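Participant: So that we are looking at the same thing, I have put the structure below in structure tokens.
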Amino acid sequence: MSREIILYIATSVDGFIAKENDDLQWLEEAEGEGDAGYSDMYQSIDTIIMGKRTYDWVVDHIEPFPYSDKKCYVFSTSQSGENEHVEFVNEDVVAFTKKLREQEGAKIWMVGGAGILDAYMKERLIDEFIITVTPHLLGSGIPMLKGNNPYQDLELVNTKRYGQMVQMHYKVKKEAK
């Protein structure tokens, strides 16, 4: 059985996950409620995948490192090895992830960024989408989805309001054999 990959992410109404300069201040300004289901999602995973720019943002803005209790892989072309919190991966993100899915374990959370998400979308590697829409129109920035993705059928699991934010939870419908 293959481990599932979750995309748990926030986006503006117009589909951006960050401003051009990786600015996420607008997310902190959103009038939310509670933790928007983060704790439940976080308890369902044991592995985290992210890109180097996302990792750098986390390290620069959140102390202590928030994922130290999970196995954390950071895809990078500029750094290798590991530190106290993460293992840097210099392999092809899709090939590495396919191998990782076949290992024993719980769900995998793909934290970001847009490049990894795009590669995953092209290969249909996301099994579950938990998307929180914030009350912002950014106008420009880093889009959640880059486009030209294969068609996928999704099943709505739940919707929930967290203050001024709305969360949609979808699972990918498995193709009939």
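Participant: By the gyration tensor of its Cα atoms, with a ≥ b ≥ c the square roots of the eigenvalues, what is the shape of the range 67-108: rounded for a/c under 1.5, prolate for a/b over b/c, or oblate?
Facilitator: Numbers: a/c = 2.75, a/b = 1.14, b/c = 2.42.
Because a/c hits 1.5 or more and a/b fails to exceed b/c, the range 67-108 counts as oblate.
Participant: Tell me the carbon and sulfur percent of the accessible area for the range 41-177, rounded to whole percent, probe radius 1.4 Å.
Facilitator: Details: 3690 of 7660 Å².
Carbon-and-sulfur percentage of accessible area, whole number: 48.
Participant: With the cut-off at 1.5 for a/c, could you classify the range 3-128 from its C-alpha gyration tensor as rounded, prolate or oblate?
Facilitator: Working: a/c = 1.37, a/b = 1.29, b/c = 1.06.
It comes out rounded by the Cα gyration axes.
Participant: Once amide H atoms are placed 1.01 Å from N in the peptide plane, what residues at a sequence separation of 5 or more from Leu145, or on another chain, have their amide H within under 5 Å of its amide H?
Facilitator: none
Participant: A further question on this structure: Under a straight-distance cross-link criterion of Cα-Cα below 12 Å, which aspartates and glutamates are reachable from Lys71, leaving out those fewer than 8 residues away in the same chain?
Facilitator: Asp46, Glu82, Glu84, Glu87
Participant: By its C-alpha gyration tensor, with a ≥ b ≥ c as the square roots of the eigenvalues, how is the range 1-46 shaped: rounded for a/c under 1.5, else prolate for a/b larger than b/c, else oblate? Spell out each step's value before the answer.
Facilitator: On the way: a/c = 2.76, a/b = 1.61, b/c = 1.72.
Because a/c hits 1.5 or more and a/b fails to exceed b/c, the range 1-46 counts as oblate.
Participant: Additional query: Using alpha-carbon pairs under 8 Å, 6+ residues apart, how would you state the relative contact order of the chain in percent? Walk me through the numbers on the way to the answer.
Facilitator: On the way: 315 pairs, mean separation 63.7, N = 177.
For the chain, the relative contact order is 36 percent.
Participant: Would you kindly state how much longer the chain becomes between Ser78 and Asn21 on full extension, computed as 0.36 nm times their sequence separation minus their alpha carbon distance, in nm to one decimal?
Facilitator: On the way: separation 57, 0.36 × 57 = 20.52 nm, distance 1.93 nm.
Gain on extension, Ser78 to Asn21, equals 18.6 nm.
Participant: OK, next. Report the residues of the range 1-44 in range of a label on Leu145: point 7 Å along Cα→C-beta, backbone N strictly under 13 Å from it.
Facilitator: 15-16
Participant: Moving on to the next point. What net charge do the residues around Gly81 carry, taking every other residue with its C-beta under 15 Å from that of Gly81, with Lys and Arg at +1 and Asp and Glu at -1?
Facilitator: Once positives and negatives cancel, what remains is -3.
Participant: Something else: Counting only heavy atoms of the protein chains, get the accessible area per residue of the chain (1.4 Å probe) and round it to a whole Å² value. Provide the component values of the computation, followed by the final result.
Facilitator: On the way: 9850 Å² over 177 residues.
For the chain, the per-residue accessible area is 56 Å².
Participant: To continue, here is another question. Please report the antiparallel percentage of the DSSP beta bridges confined to the chain, to the nearest 5.
Facilitator: Details: 18 of 40 bridges.
Rounded to the nearest five, the antiparallel share is 45 percent.
Participant: Just report the Cα centroid separation between the range 104-177 and the range 33-97, whole Å.
Facilitator: Taking the Cα centre of the range 33-97 as reference, the centre of the range 104-177 is 17 Å away.
Participant: Report, in deg cm²/dmol and to the nearest 500, the calculated mean residue ellipticity at 222 nm for the chain, where each DSSP H run with n ≥ 4 adds -39500 (n - 2.57) and the sum is divided by the residue count. Kindly include the intermediate steps, with their values, before the conclusion.
Facilitator: Working: 5 runs with 39 residues, N = 177.
Rounded to the nearest 500, it is -6000 deg cm²/dmol.
Participant: Which length gain, in nm to one decimal place, applies between Leu137 and Phe96 when the Cα-Cα distance is subtracted from 0.36 nm times their residue separation?
Facilitator: Gain in length upon complete extension: 11.3 nm.
Participant: Only residues of the range 76-107 count here: report those whose backbone N is under 17 Å from the spot 7 Å along Cα→Cβ of Glu63, or say none.
Facilitator: 84-85
The values are calculated or read from the model by the stated rules, or taken from the named source; none is laboratory data. The structure presented is a predicted model; accordingly, all values stated were derived computationally and were not measured. With ideal geometry, Cβ positions are generated from the backbone for all residues, glycine too; neighbour counts draw on all protein chains shown. The protein model used for the area step is the full one, side chains on, heavy atoms only, and it has no ligands, DNA or RNA in it. Shrake-Rupley method; radii C 1.70, N 1.55, O 1.52, S 1.80 Å.
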